[in-house]
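Note sheet for the following structure.
Laboratory data are not the source of any read-out in this text; all were calculated from the coordinates shown. Computed from a prediction, not measured in an experiment: that's the story for all the values here. Cβ placement follows ideal geometry from the backbone for every residue including glycine, while neighbour counts extend to all protein chains displayed.
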There are 2 protein chains.
Amino acid sequence: MLEARLQEAALLKRLLDSIKELVTDANFECNEEGINLQAMDNSHVALVAVKLEATGFKKYRCDRPMPLGVNLASLTKVLKCAKDDDICIIKASDDADILNLVYEARNSDRIAEYDMKLMDIDAETLGIPDTEYDARVTMPASEFTRIVRDLSQLGESVRIEISKEGVRFASEGEAANGSILLKQTEAAREKYANYGKEDEAPKEDDDDDDDDEEGGSSKKKVKKEKVKKEEKEDVEMDEEDENEEFKVKSDDEGEEEQDDDEEEEKSSKKRKKAPAKTNGKPAKKAKKADETSADGGVLIEMNQHVSLTFSLKYLVNFSKSSTLSNTVQLMMSNDVPLLVSYKFGQGEIKYYLAPKIGEE
Amino acid sequence: MLEARLQEAALLKRLLDSIKELVTDANFECNEEGINLQAMDNSHVALVAVKLEATGFKKYRCDRPMPLGVNLASLTKVLKCAKDDDICIIKASDDADILNLVYEARNSDRIAEYDMKLMDIDAETLGIPDTEYDARVTMPASEFTRIVRDLSQLGESVRIEISKEGVRFASEGEAANGSILLKQTEAAREKYANYGKEDEAPKEDDDDDDDDEEGGSSKKKVKKEKVKKEEKEDVEMDEEDENEEFKVKSDDEGEEEQDDDEEEEKSSKKRKKAPAKTNGKPAKKAKKADETSADGGVLIEMNQHVSLTFSLKYLVNFSKSSTLSNTVQLMMSNDVPLLVSYKFGQGEIKYYLAPKIGEE
DNA sequence: GACGAGCCGA
DNA sequence: TCGGCTCGTC
């Protein structure tokens, strides 16, 4: 028995819009911690993984783990019947052959109910290794969208290169070549100081993580820009002992960033001691970053020069998730798949894409 | 000789958009009272009836009744040449083989003139009986549009069921079943209190009706929401003697509604004495309701449980008329055609659709 | 010719 | 983020 009540149907609608072109059928793996979806794209080139935290729901109950095999086109149709601000309740009984969706208008004058057939899908949940990446770019989702769209007009591939200089997106096409260099924004360092730290060691204390994330999420909805600096200070002080930054630096490439750190952050020495580790309560800021980052800012974290080439078609597709979050993170190491991650209030969507070989 | 001057070409454009897919050729029956069009749809399943009151025109003159046989595709083309806010003058001489359309820009800087060939069409004007329906739903046109669109994604038919509970639209499809329940909105009772009363006995005093309607119409364009309550009071008091409500109730099903009435309306006893009758000056409110109802509200009037099944394709088609009015009324009795009616400032468009048999 | 989806601009 | 416009499909 699953019952999950979502405050706004819009989240699910956007989520489906994000993945329905990539994947036709997928299992929504429901358990007490939330709902996960993981699937290769139809051409088995990319992998998409969605996580919806139980705590992101207004109400969530899942008695036992159950996979819900969903045809995404059908679900999209059914979700189209919801208005964005409808409350959305999804239910499935234990036999899991029907997904029941109820949409309640805000004023309850309209109640729409849909029953969708489920299907059996071979679970092919791959364990995704918790890679530590050599470089991470945190940037406005809209900017990423724009870049891959622009470049996709010129060519089919983009070389993404992260260096001390910044992050460069370069494409070559018949009519023209293009190259976009994003330098790190000074403001971004502060802004994203704790963005998405849970990526690094999500298992350390998942429960705290979730609770904090939810609490943070609701608060942020109310508070606004003004608040972010105060909160940031709070967290930095409160959590000084455990607050580790992702900033992975190699000795020969990190000077610039180290300078910044020392100017800005008291706890910088910890970061240097233990790069690529993280603390247990970072999510408050992840939420903030989401809302905060509308005004841009690029944060580049790297411990090694990275340069990889990817298919723009897929990146353009991934960038549809900009409806879910204002911020996107690109995680890269040489010769391993790119990870594109969008975090949002109730969860996260990650895309993995293998680099093209021998193209740069 | 016909000459009719319309304040805004947009009305005609929208009207044609509403019916051109349903009907290819039709007679515009012009007489001194206005212009009427009545036609079966191409597959002879639905009937569409349009009424444009003479009083709805800025100027109207029709010396003798004349049918203007129009190919709607041609007229649509010609109307596309008008800007929405152009003044539109249509003329036909007595031989009625040419329809002359003149579009005048607001500032008279541009005058466009078109001559369209007319054709002879066998008049097949059917008398439509003035049915009294067992149930009537008055609701925002946009909501009706949305519902039939949504459900048409799932299946081909919709069962519309009106009960004490409200009105339910239910469809079954391969991928999913859907059911939407609209409860009556409390605010709607007041809002639609006098909406469309002329349906019931339109012949009682047509002339007064028309005059009032036009006056009301122009006023309403200027006034807004704020005004509606005052006007309503005025009419109720001025016309107390003749102001009868539609509210048809059976003793066993009307309690809920009666309670509302008593709370809200002074003249409720009259309504109960003579249900399904109407007064002579209802149109002021019809107009108001049009503009008023953008913010929703569902009014359900019934004296009997009704449940019928219809082809969604047609309902979707009918719902195109939501460009003409913010409010739609569904009139139903068991085993007789559904009447879908949109009233607008200058007239009304009605669609009749026979129910599907043996499908529920 | 109409409908729906996707993209671009405000 | 929403609405309008354009392109592609049925």
- Task: Within the set of other residues whose C-beta is less than 12 Å from the C-beta of B:N71, count the net charge using Lys and Arg as +1 and Asp and Glu as -1.
- Result: +1
- Query: Can you list, shortest first in nanometers, how far A:R146 lies from the same residue in the other copies, with each label 7 Å from Cα toward Cβ?
  - Reply: 3.3
- Treat the count of other C-beta atoms within 10 Å as a stand-in for reagent exposure and order A:L315, B:L339 from fewest to most. B:L339, A:L315
- According to the square roots a ≥ b ≥ c of the eigenvalues of the Cα gyration tensor, what is the shape class of segment B:3-127, taking rounded for a/c under 1.5, prolate for a/b larger than b/c otherwise, and oblate for the remainder? prolate
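Pairs of alpha-carbon atoms within less than 8 angstrom and 6+ residues apart define the contacts here; what relative contact order does segment A:1-101 have, in percent?
On the way: 201 pairs, mean separation 42.4, N = 101.
Reported relative contact order: 42 percent.
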- Query: Just going by the charge dipole of segment A:106-198, with Lys and Arg at +1 and Asp and Glu at -1 on Cβ, which of A:I147, A:I111, A:P129 is farthest out on the positive end?
  - Reply: A:I147
- What are the label-to-label distances in nm, one decimal and shortest first, from B:P65 to the same spot in the other copies, with labels 7 Å along Cα to Cβ? 7.8
- Message: Using 26 Å as the Cα-Cα cut-off, could you pick out the over-long pairs in A:K20/A:K51; A:K59/A:K83; B:K191/B:K313?
- Response: B:K191/B:K313
- Note on the structure: Label points for A:E186 built 7 Å along Cα→Cβ; distances to same position in the other copies, nm, shortest first, come to 5.8
- Note on the structure: Once normalised by the length of segment B:23-66, the mean sequence separation of its alpha carbon contacts under 8 Å that are 6 or more apart gives a contact order in percent of 40
- Item | Within 10 Å of each Cβ in A:113-121, the average number of Cβ atoms from other chains | 4
- Task: Going by C-beta contacts inside 10 Å, put B:M139, A:M40, B:M119 in order with the fewest on the left.
- Result: B:M119, A:M40, B:M139
- Between segment A:325-339 and segment B:52-100, the alpha-carbon center distance in angstrom: 63
- Item | Whole-angstrom gap from segment A:121-181 to segment B:129-162, using each part's C-alpha centre | 48
